[in-house]
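The block underneath contains the structure these notes are about, expressed in structure tokens.
The values are calculated or read from the model by the stated rules, or taken from the named source; none is laboratory data. Computed from a prediction, not measured in an experiment: that's the story for all the values here. Heads up, the Cβs are rebuilt from the backbone with ideal geometry, glycines too, and the neighbour counts pull from every protein chain shown.
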Amino acid sequence: MGSMTITQMLFLGLAAATWLLDGNVLVAFHYRRLGEPWWSGFRPFDFPFKAFNRREWVILALLAVMSLSLMVLAVL
């Protein structure tokens, strides 16, 4: 079994950063839109997805596609 190349590690890191960082920014803007404090996302079992509007769902879908695409590039 071989080790990962630098390019693969780069793409995998970009995929993780895209999902984690941009996902957190999306949720922060969601709570801002609702007028709730930023720490509202830390409440257990109070998931933000139940009040997402269409624009936020589209952004979340694009984030998923971008992140998964970067993961596929890491594997190739």
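Tabulated data
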| read-out | value |
| --- | --- |
| Pair list, Cβ < 8 Å and 6+ apart or interchain, from the stretch 27-44 residues that are modelled with pLDDT of 80 or more and β-branched (V, I, T) to residues that are assigned to a helix (DSSP H, G or I) and surrounded by 12 or more Cβ atoms within 10 Å (Cβ to Cβ) | V27/G41; V27/P48 |
| Condition broken by G13, with the remaining ones in (1) farther than 30 Å from V75 by Cβ; (2) part of a helix (DSSP H, G or I) satisfied | (1) |
| Residue list for the stretch 19-76, restricted to those being under 23 Å from T7 (Cα atoms) and over 14 Å from the mean Cα position of the chain (by Cα) | V72, L73, A74, V75, L76 |
